[in-house]
Amino acid sequence: MKIAVLTSGGDSAGMNAVVRAVVKVGILKGCETWIVREGYEGLVRGNDHADGSYPEPPTVPEAASEAHHGHPTNLLANLRFGDGLLLRDGTGDHRGADGSGNSTRTLAGRYLVRVGWDDVRGWFAEGGTLIGTARSAAFRTPEGRTEAAFNLIKEGIDAIAVCGGDGSLTGADLFRAEWPSLVQRLVDQKRITPEQQARHKHLRIVGLVGSIDNDMCMTDLTIGAPTALHRICEAIDNINSTAASHSRAFVLEVMGRHCGWLALMAGLAAGADFIFIPERPPDAKTWEDEMCETVHRHREIGKRKTIVIVAEGAIDGDLNPIRVDKVKDVLRDRLGLDTRVTTLGHTQRGGSPCAFDRILPTLQGLEAVNALLEDTPDTPSYMIGVRENKITRVPLVEAVKMTKAVAEAINNKDFKKAMSLRDPEFAQ
Ligand code: ATP
C-alpha cells in the first residue's frame, strides 16, 4: 500500500508528530510512505514531472522491510540513518532554505514527496506543521478533486491520512465517497488507463483531528489542544505576577472559536475570577452585575489581582458577542480597577508540542495506519479519536455531523442540546 499523509486547515502542535507516526508505522508495516505539502492544495497541484527534477525515491530502510517479514525486535537497532529526501537541499537543515519547513530548492514543483524514516526524525518536537497546510478553494470543487485524484493515481498512491479540523475531514469523506466517479471521469478524459482504474477502484482514507480548539465531537481531545492550553497557562502565570504587583485586572481573550474548552480549562489550570464561554452564555441584562459582584467579592477577601477569561466565541444570552473591551470598561467604570486587555492570539498555536501532543498523535498515527490497512469500500471512513484514555475509531461522517449539530444548537440558543451532543453523559 502507498500511504500519503497531509495536514489541512489551521495548524496545531502535534501535526508533525502525526506525520512522523504515520510515516514510521507505515514503513514498519511494509508500506510506501509519502507526504503531501500544503494540504489539499498540494493534492490538487500535484507533481510537475516535466522539468526532469523528479528524484529517485529513497529506499525503505532494510530493517523496516525485515519488520514486515516478522522481525520487529531488531528494528530500531538496525535502522540505517541515510539522507532523507527533505534534507537534500544541501543546507543540512530540514527546515529548508526559506525556513518554512520545506526546501524550496528540492521541492519546487512537487507537492507529493516520497519520504523515508529519516525524513521525519525528531519531528515530534517541532511546532506547527513542517509539510505545510493551506485552505484550498480548488479542492471544494469537483474539478479540483478530479485533479487531486489524478495526482494520486499518477504516483500510485491508494491511501491518505488527513490531519485537520472538521472541514478537512468533511472534505476527506466526500473525496472517498466520490472517488469511483472521479476515476471514471479521468478514464473518460483518457488521462488514466483502464488498468489504472482497476488498480485504483477505491481510495482508503482516515482522519486525525488536529485542532487547538478541542471542538470535535466523539473524541475527548484533539491534537494540539493540550499545547495551546499550556501556552495560555504560561501566559496567565506571567500576567499574574505583574497583575498582583500593580493590583490590576486583566481581561484575556483566548482562542477556541465556538468552543469554550480552552477558556474553561485555562481557568481551572491557571486561575480566573470570571470566565465567558459560548456554551453557557450569561444573561444579556445581568452579566455585568454578576461579574462585578464576583470580582468585588474576591477583592474584598484580599485578592490583589483579577483575571477574566473571554473565549473568542463567547456570547451572551441574546447571542451578542462578549467583547473584551466592553468587559474592560465595565471593570474599570464600575469597580474602579486599573484594567488591561491581553489578546493572546497566535502565541497559543505556536511552539513546541507538550508531551501529550507527542504521545497522542503517535498512538493515533499507529491506529490510523491500521485503519487504512483494514479500509475497504464497505467500511466507513474512520476518524481516529480518544475516549476515556483509549484510542478509538469512529465513523468520520458521524463525528462531523455531530460537531455541526453542536454549532447549530448553539446558534439556536439550545445550549443544553449542544452540551448533550458533546457529552452524552451531560444529558443524564
Ligand atoms: P480548522 O478547524 O483549523 O478551521 P478545518 O479543517 O475545519 O480546520 P477548513 O478551512 O474548514 O478548516 O477546511 C480545510 C480545507 O478542507 C478547505 O480549505 C477545503 O479545501 C477542504 N474542505 C473543507 N470542507 C470541504 C467540503 N465540504 N468539501 C470539500 N472540501 C472541503
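The separation of the stretch 166-236 from the stretch 239-274, counted between C-alpha centres, amounts to 34 Å.
Binning all Cα-Cα separations of the stretch 291-335 at 5 Å, short to long from zero, yields these whole-percent fractions: 5, 19, 27, 23, 16, 7, 2. The calculated FRET efficiency for Ser420 paired with Arg304, based on their beta-carbon distance and R0 = 45 Å, is about 0.65. Counting Lys and Arg as +1 and Asp and Glu as -1 over every other residue whose Cβ lies under 15 Å from the Cβ of Glu41, the net charge comes to +1.
Extension gain for Asp329 to Ala177 (0.36 nm times residue separation, less C-alpha to C-alpha distance): 49.6 nm. Of Met216, Met255, the sequence from fewest to most neighbouring Cβ atoms within 10 angstrom is Met255, Met216.
Between Glu38 and Gly132, Thr133, the built amide H atoms are under 5 Å apart, and every one of these is 5 or more places off in sequence or on another chain. When only the Cβ of Lys, Arg, Asp and Glu is charged (+1, +1, -1, -1), the dipole of the stretch 250-352 relative to its Cα centre reaches about 440 debye. Overall, the stretch 331-425 carries a charge dipole of about 520 debye about its Cα centre when +1 sits on the Cβ of Lys and Arg and -1 on the Cβ of Asp and Glu, all other atoms neutral. Here's the list of lysines a cross-link from Lys285 could span, going by alpha-carbon distance under 28 Å and ignoring same-chain residues fewer than 8 apart: Lys303, Lys305, Lys326, Lys328, Lys413, Lys416, Lys417.
Once the Cβ-Cβ distance between Ala138 and Glu195 is put in as r, and R0 is 25 Å, what FRET efficiency do you end up with, to the nearest 0.05? Given R0 = 25 Å and the Cβ-Cβ separation, E is 0.35. Taking amide H positions as modeled 1.01 Å from N, with prolines and chain starts lacking one, the residues under 5 Å from Ile205 and 5 or more places away or on another chain are Ile160. In plain terms, the residue of Thr219, Thr146, Thr306 with the fewest other Cβ atoms within 10 Å comes first and the most crowded comes last, giving Thr146, Thr219, Thr306. Taking the Cβ of Arg20 as the centre, find all other residues whose Cβ is under 14 Å away and add up their charges (Lys, Arg: +1; Asp, Glu: -1). Combined, the nearby Lys, Arg, Asp and Glu give -1.
Distances longer than 18 Å among the Cα atoms of the stretch 270-428: what percent of all pairs is that? If you can, show how the numbers build up before the last one.
Working: 8948 of 12561 pairs.
Looking at the stretch 270-428, the distances longer than 18 Å represent 71 percent of pairs.
In the neighborhood of Leu262, defined by Cβ-to-Cβ distances under 15 Å, what is the net charge if each Lys or Arg adds +1 and each Asp or Glu adds -1?
Charge balance near Leu262 sits at -3.
The peptide list 200-213, 172-185, put in order of mean Cβ contacts within 10 Å with the highest first, becomes 200-213, 172-185. Neighbour counts of C-beta atoms inside 10 Å place Ser136, Ser352 in the sequence Ser352, Ser136, starting with the fewest.
Report the one residue of Gly365, Thr306, Thr343 whose Cα lies farthest in the direction of the positive end of the charge dipole of the stretch 278-389 (charges on C-beta: Lys and Arg +1, Asp and Glu -1; origin at the Cα centre). Positive-most Cα among the choices belongs to Thr306.
Given +1 at the Cβ of Lys and Arg, -1 at the Cβ of Asp and Glu and no other charges, the dipole of the stretch 115-274 around its Cα centre is 580 debye to the nearest 20. Each of Glu234 and Leu363 was given a label point 7 Å from its Cα along the Cα-to-Cβ line. The distance between the two points is 2.4 nm. For the stretch 356-428, the relative contact order is 18 percent, taking Cα pairs closer than 8 Å that sit 6 or more residues apart in sequence and dividing their mean separation by the residue count.
No lab work stands behind these numbers, since they all come straight from the coordinates. As the structure is a prediction and not an experimental result, all values here were calculated from the model. In this analysis, Cβ positions are derived from the backbone assuming ideal geometry, glycine residues included, and neighbour counts consider all displayed protein chains.
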